[in-house]
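Heads up: the structure comes next, in structure tokens.
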Amino acid sequence: MKKLLPIMFAAFELFSIKGNAQFAKGTIMLGTTIGSTGYSSANSDYGYDVGTLKNTGTNTFTFSVGPQVGVFLSPHLVFGATPAFSISTSHVNSTTTNTNNTSTGTATSTTTTTVSIGPFLRYYFAGLSGNNWLYGQVNGAVGTGSGTSSGNSYTATSTGNTNGKVTNIFTWNSGASIGLTHFFYKRIGMDMALGYSYSHVHNYDINNTYSTNKTSLVITSSTNNYILNTATNGVTFAVGFHWYLRG
């Protein structure tokens, strides 16, 4: 144990010296994420007691990009803010097969764009060989935006087409990640991070549906407006570049 303690102190001192060489209190971290992407997929099968079968599949893709501005509060701790632009696309398909072998189905696509801003806190905790540093980061944001939706449906007697708007979007999210910064130069670094994110979106949807009777070809219209609250969570991967500027 007596031999181990000097080694541990020497390693801690080495990390501290290396950290001081890269970072210092008051250093400005300025950069951007090339893209933070997320993908989730879900499939559900229902078997009802009456014999009806239903299948629902949902696929969601998100992409976010934005600058980051932070300041080192200590040689390892960074506090900053991230304004961002995000786009999200969701596809939902549902098919129901009845006991008489007739079926109904719907397919809906929704695309939204939002702008947001929020804080982040990053801590560099270990220096590695090859000018690499490991860090942990937590972040959050709030935002607003708008979007569009479209879809089609069918039954045994009719077909339908739906067009709509997604309005009054209010979104918030939070997340955490573990990443690595590789320094090409002492003041330029590239980040790669893997993390987890949770988000909640509130919006008001306005939808107009036009249904066509297969026999008479008569077209009828209807309106379906509703409030929607959506919570999602999943894995994220982000890549970005930062410049470290000392005052």
(request) Compute the long axis of helix 4-22 from its Cα atoms, compare it with the longest principal axis of the Cα atoms of the chain, and write down the angle in degrees, 0 to 90, nearest 10. (result) 70
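Carbon and sulfur together cover what percent of the accessible area of the chain at a 1.4 Å probe radius? Please report the intermediate quantities before stating the final value.
Numbers: 9150 of 14310 Å².
Carbon and sulfur atoms account for 64 percent of the accessible area of the chain.
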(message) Given the -39500 (n - 2.57) contribution per DSSP H run of 4+ residues, what per-residue ellipticity at 222 nm results for the chain, rounded to the nearest 500 deg cm²/dmol?
(response) -2500 deg cm²/dmol
(message) So if I place +1 on the C-beta of Lys and Arg and -1 on the C-beta of Asp and Glu, and nothing else carries charge, what would the dipole magnitude of the chain be about its Cα centre? I want it in debye, nearest 20.
(response) 880
(request) Calculate one ³J(HN,Hα) per residue across the range 137-142 by plugging θ = phi - 60° into the Karplus curve 6.51 cos²θ - 1.76 cosθ + 1.60, and present them in order as whole Hz with x for glycine and proline. (result) 9, 10, 7, x, 6, 10
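Solvent-accessible area per residue for the chain at a 1.4 Å probe radius, Å²? Numbers along the way, then the final one.
Numbers: 14310 Å² over 247 residues.
Computed with neighbouring chains in place, this is 58 Å² per residue.
The values are calculated or read from the model by the stated rules, or taken from the named source; none is laboratory data. In this text, all values refer to a predicted model and were calculated from it rather than measured experimentally. So basically every Cβ, Gly included, is an ideal-geometry build from the backbone, and we count neighbours across all protein chains shown. Only protein heavy atoms, including side chains, enter the accessible area calculation; ligands, DNA and RNA are left aside. Shrake-Rupley method; radii C 1.70, N 1.55, O 1.52, S 1.80 Å.
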